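The values are calculated or read from the model by the stated rules, or taken from the named source; none is laboratory data. Every value quoted in this text rests on a predicted model; they were computed, and no experiment measured them. Reconstructed Cβ throughout: ideal geometry from the backbone, glycine too, with neighbour counts over all protein chains shown. Accessible surface is based on the protein model in full, side chains and every heavy atom, while ligands, DNA and RNA are left aside. Shrake-Rupley method; radii C 1.70, N 1.55, O 1.52, S 1.80 Å.
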Amino acid sequence: MAGSGISSESGSGAFRDDENCYKQVSPIRGGGSRNTSPSGRVGSRNTSPSRQKVIKTKPRGLDEETVATFGKVVHPDVQMEDNIWAMLPEDLLNEILARVPPFMIFRLRSVCKRWNLILQDHSFLKFHSQVPSHGPCLLTFWKNSQTPQCSVFSLPLKTWYRIPFNFLPQWAFWLVGSSGGLVCFSGLDGLTFRTLVCNPLTQTWRTLPSMNYDQQRQLIVVVDRTDKSFKVIATSDIYGDRSLPTEVYDSKIDKWTVHQIMPAVNLCSSKMAYCDSRLYLETLSPLGLMMYRLDLGYWEHIPAKFPRSLLDGYLVAGTHKRLFLVGRIGLYSTLQSMRIWELDHAKIMWVEISRMPPKYFRALLRLSAERFECFGQDNLICFTSWNQGKGLLYDVDKKVWSWIAGCALQSFNSQVCFYEPRFDASIH
């Protein structure tokens, strides 16, 4: 992905959308194909003799800026009685604000001192935890001149927002993933391997204690909203001539516990997927999957053979125990295609459920050797191209493909994951 088009300004800590950078994107849940027919173009030439040429014009006397804000002219703000709204009951105010999109809350904090302290109010957090989620978002993280930068794309609002990330320590860290409103990072503080968890909305973070075998390895974070806790799983790995056991951090006891060492296998990918209290990894020898039961604390091999001619595969977790495999098929570039399979747990086999349309595949990966990233949440699968700076979203339930536009995905070395914004997600 070519150089970043994102401004390095972070503001004064408020969430905002930058008109110079964050573009209004096409609807995520709708069709993502471009309408190239003559009838779909505004102001295009119509050669039909039975119809006159239609030219779209703007109202006389209005420049482009006025047209963009024309709604504000014809719909002036309604004057509200301050003495009435000032007496709004506390529980009613909290219930109203809990339904406001999370990124808008920070703009409302400047209204008055009462609203500025809303994030620390336990009544508001209680209401917020009871309302439905405002929908999944895409979180993009990168570093600009060693300064952490973060942008979030709200799928329901179809808008990019900049999140100030200068509240984190100046470590050499990278994005691990996100779960239940928390975002996990790992990296090096000098020569020491560290793991931290933060809530970008509340701008709070904490460093986890050191592991028993403190070496860099693959991590995954899992939030349990029922008891307001989270776990971080460090998979088994090989360091030098010794095998490192699986370790699990539990926020309820604030420590790492050592679990079983994963049996000797030949992993074909470092990508993991977690669903239904199970962690899955791909293996070449023995062929299939390694599954870690978090509730029981042991590893188990699943002999699910991969599809033939699979070039690269990503495991993606869905809802209700659904596990997907995404990858390219085909030995020659002209015959390649991107396909999605679902694991049949009863028959222990992969069943194809969808194929990426050729027009999307050619636009996403122009060269057969181009690398891509794939991740998912709630039966949504996102594809990002390293070189093209593009994002493509697939809704498994609706079977709809759509592009995600915006310069936040064009930053080289950017890391992306799904993210659920929640004020009530606690780092403790």
How many residues are outside any strand (DSSP E or B) and surrounded by 12 or more Cβ atoms within 10 Å (Cβ to Cβ) when one looks only at region 340-362? 7
If VAL176 satisfies every condition in (1) β-branched (Val, Ile, Thr); (2) outside the structural domain of LYS390 (by the TED database); (3) open to solvent by 20 Å² or more (accessible area, probe 1.4 Å) but one, which is the exception? (2)
Selection from region 369-384 of residues open to solvent by 30 Å² or more (accessible area, probe 1.4 Å), part of a strand (DSSP E or B) and of a type in the set (A, V, I, L, M, F, W, C) yields PHE375
Return yes or no: is VAL248 under 30 Å from ARG422 (Cα atoms), modelled with pLDDT of 80 or more and not aromatic (Phe, Trp, Tyr)? yes
Test result for LEU196, outside any strand (DSSP E or B), under 26 Å from ILE118 (Cβ atoms) and not acidic (Asp, Glu): no
Examine region 203-220 for a residue that is assigned to a strand (DSSP E or B), closer than 20 Å to LEU294 by Cα and within 19 Å of the chain's Cα centre (by Cα), and state whether such a residue exists. yes
Please tell me if PHE230 is modelled with pLDDT of 85 or more, over 20 Å from TYR280 (Cα atoms) and part of a strand (DSSP E or B). no
Going by the structure shown, is GLN130 surrounded by 17 or more Cβ atoms within 10 Å (Cβ to Cβ) and either closer than 29 Å to TYR274 by Cα or without any contact (Cβ under 8 Å) to a residue 12 or more places away in the chain (or both)? no
Give the residues of region 114-157 that are over 19 Å from ASP424 (Cα atoms) and of a type in the set (Gly, Ala, Ser), sorted by residue number. SER145, SER151
Given the structure, is VAL316 in a strand (DSSP E or B) and farther than 27 Å from THR246 by Cβ? no
